[in-house]
Amino acid sequence: MKLCTFKTMVGPHLAVKTDQGIADLNIAGYRGNMDDLIYGGGGELQHAKQALAHAPVIISELEMDRLCYPQKILCVGLNYRSHAAETEKEAPKQPILFSKFTNALSASGMPVQLPPVLKQYDYEAELVIVIGKPCYQVSEEDALDYVFGYTCGNDLSARDGQFISGQWLIGKTLPGFAPAGPFIVTPDEFNPNEPHRITCRRNGQIVQDSNTSHMIFNCAQIISYASQFMRLVPGDLIFTGTPEGVILGKPEAERNWLVPGDTLEVTIEGIGTLTNQLV
């Protein structure tokens with residue numbers, strides 16, 4: 001299923017993208033939201049599938065809402081060799097983990113503000129894992145059993161904030177700097193072990209073009225590694241790293257940092273396109 005949350009006059013509604021359009025599950029009788037679906041596991045998914053059979057299809061354009069309300073947003077740094085090389089870093093021997101605050105999460109279609117206190121704004125197209133079950137110290141072999149689904153993400157970064165100190169926090173977790181969406185695709189329709197093209201467009205021009213098969217650490221390895229040190233819970237998001245093509249990786253004289261008015265589109269084959277305008 002391709003699940004999403006969109007805004008209505010009476011609050012967010014849960015929906016499924018079909019070949020005909022967006023099917024509203026709440027109008028069809030499903031009483032939960034995305035978080036209920038994630039926490040409820042297989043039983044809730046079955047209820048949602050039953051509602052889908054009676055859900056009216058909406059053809060008109062919708063305003064998307066935040067996908068879910070995670071307890072944690074984790075990110076993996078330097079998880080593509082080509083990206084590590086362009087930033088003159090060695091490929092890591094284990095996943096480099098950092099975090100974003102949950103108020104960094106924003107929806108597809110939501111404007112993202114670039115605060116004037118920083119200047120060197122950059123994009124990072126990423127595959128995002130949505131955790132579906134409590135997960136602690138799991139093996140790589142079992143790790144994907146704890147996944148609810150996958151979505152597109154943009155690990156927006158302010159490089160002049162990221163490198164102020166030895167930690168990346170300031171440049172990574174500004175409000176709205178973790179756009180994700182527009183859909184969560186369940187594992188029965190998206191296999192992370194298969195290759196999926198991943199691109200980022202800036203104002204319509206492709207600036208990143210790679211494949212998820214080029215990740216150094218795959219989704220199972222990332223989940224297993226993170227779970228050795230922290231307890232993952234349903235709804236947690238893991239941004240799995242970005243490929244080459246970021247502004248930081250260009251020669252200094254060619255770094256054309258993001259500015260208000262830019263539109264970014266992150267597309268992952270099999271999921272969809274996450275779109276955000278910067279303001």
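Just so you know, all these numbers are worked out from the coordinates, no wet-lab data involved. Since the structure is predicted, the reported quantities are computational estimates derived from the model, not experimental observations. Cβ: placed from backbone, ideal geometry, glycine included. Neighbour counts: every protein chain shown.
Just to be sure before I move on: is residue 272 under 27 Å from residue 16 (Cα atoms) and in contact (Cβ under 8 Å) with a residue 60 or more places away in the chain in the structure I sent?
yes
Given the conditions (1) touching a Phe, Trp or Tyr at 6+ places or on another chain (Cβ under 8 Å); (2) surrounded by 15 or more Cβ atoms within 10 Å (Cβ to Cβ); (3) more than 18 Å from residue 81 (Cβ to Cβ), which single one is not true for residue 225?
Status for residue 225: all satisfied but (3).
State which residue is surrounded by the fewest Cβ atoms within 10 Å (Cβ to Cβ) when the search covers only the range 228-248 and only residues that are more than 22 Å from residue 185 (Cβ to Cβ) and either hydrophobic (A, V, I, L, M, F, W, C) or touching a strand residue (DSSP E or B) at 6+ places or on another chain (Cβ under 9 Å) (or both).
Selected residue: 229.
Kindly list the number of the only condition in (1) over 27 Å from residue 19 (Cα atoms); (2) touching a helix residue (DSSP H, G or I) at 6+ places or on another chain (Cβ under 6 Å); (3) surrounded by 15 or more Cβ atoms within 10 Å (Cβ to Cβ) that fails for residue 196.
Every condition holds for residue 196 apart from (1).
I want to confirm something. Restricting to the range 135-168 and keeping residues that are under 30 Å from residue 188 (Cβ atoms) and among the charged types (D, E, K, R), which single residue is surrounded by the most Cβ atoms within 10 Å (Cβ to Cβ)?
Selected residue: 155.
Of all residues in the range 77-102, which are charged (D, E, K, R) and outside any strand (DSSP E or B)?
Selection gives 81, 86, 88, 89, 90, 93.
Got a sec? Which of 69, 39 is touching a residue at least 12 places away in the same chain (Cβ under 8 Å), buried (at least 16 other Cβ atoms within 10 Å of the Cβ) and of a type in the set (Ser, Thr, Tyr)?
39
Sort out which residues of the range 196-225 are more than 17 Å from the chain's Cα centre (by Cα) and not hydroxyl-bearing (Ser, Thr, Tyr), and write them in order of number.
Within the range 196-225, 202, 203, 204, 205, 206, 207, 214, 216, 221 meet the criteria.
Inside the range 173-189, can you point out the residues that are surrounded by 21 or more Cβ atoms within 10 Å (Cβ to Cβ) and farther than 15 Å from residue 274 by Cβ?
Residues satisfying the conditions are 173, 174.
Condition first: in contact with a Pro (Cβ under 6 Å, 6 or more places away or on another chain) and of a type outside the set (Gly, Ala, Ser). Can you find one or more residues in the range 236-253 that meet it?
There is at least one residue in the range 236-253 that is in contact with a Pro (Cβ under 6 Å, 6 or more places away or on another chain) and of a type outside the set (Gly, Ala, Ser).
Where residues in the range 14-36 are surrounded by fewer than 21 Cβ atoms within 10 Å (Cβ to Cβ) and among the charged types (D, E, K, R), which of them is nearest to residue 181 (Cα to Cα)?
Within the range 14-36, the match that is nearest to residue 181 (Cα to Cα) is 17.
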